[in-house]
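Step one of this worksheet: look at the structure below.
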């Protein structure tokens, strides 16, 4: 089934985001990216930022470290009168390679899925500026 709307963010995890040993970035950072994507999707679909209601599932699948480039994607997969069901993924696409040099990094041949989630957002009926054919 084709998603009703899609959005993408790609950014580098900075050193100030690493809070744990091994330069690990807090998993909440991925949820922050997902929240930004949800907002963009609601704006694209309804013309309003709406509200994030709840996550149904969140899975942290691989560590994220300072210097990693993360590509986060989201899509609206189903809609109700006010609810919008969304799916989210975050992938490591570039990783630092300190063994090759202080500033070396590698584009990964295969992106690594670091987090996935699903959730529901709500746009109140009176805030929906776009109509959609059923």
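The values are calculated or read from the model by the stated rules, or taken from the named source; none is laboratory data. All values derive from a computational prediction rather than experimental measurement. Cβ: placed from backbone, ideal geometry, glycine included. Neighbour counts: every protein chain shown.
Taking the criterion of being out of contact with any helix residue (DSSP H, G or I) (no Cβ under 9 Å at 6 or more places or on another chain) and under 23 Å from residue 77 (Cα atoms), the residues of the range 100-115 that qualify are 111, 112, 113. More than 16 Å from the chain's Cα centre (by Cα), part of a strand (DSSP E or B) and surrounded by 15 or more Cβ atoms within 10 Å (Cβ to Cβ), is that true of residue 74? No; evaluated as a whole, the condition is false for this residue. When restricted to residues that are part of a strand (DSSP E or B) and farther than 19 Å from residue 7 by Cα, the range 87-108 contains 7. The set of residues from the range 26-59 being in a helix (DSSP H, G or I), in contact (Cβ under 8 Å) with a residue 40 or more places away in the chain and within 15 Å of the chain's Cα centre (by Cα) comprises 30, 31, 33, 34, 37, 38, 41, 42. Among the residues of the range 28-59, those identified as out of contact with any strand residue (DSSP E or B) (no Cβ under 9 Å at 6 or more places or on another chain) and either modelled with pLDDT under 95 or under 30 Å from residue 103 (Cα atoms) (or both) are 28, 32. For the range 78-134, filtering for residues that are loosely packed, with under 14 Cβ neighbours inside 10 Å, within 30 Å of residue 24 (Cα to Cα) and in contact (Cβ under 8 Å) with a residue 24 or more places away in the chain leaves 1.
Flag set for residue 62, criterion: in contact with a strand residue (DSSP E or B) (Cβ under 8 Å, 6 or more places away or on another chain), surrounded by fewer than 18 Cβ atoms within 10 Å (Cβ to Cβ), modelled with pLDDT of 95 or more and assigned to a loop (DSSP other than H, G, I, E, B). For residue 67, indicate whether it is part of a loop (DSSP other than H, G, I, E, B), in contact (Cβ under 8 Å) with a residue 24 or more places away in the chain and crowded, with 18+ Cβ neighbours inside 10 Å. Criteria met by residue 67.
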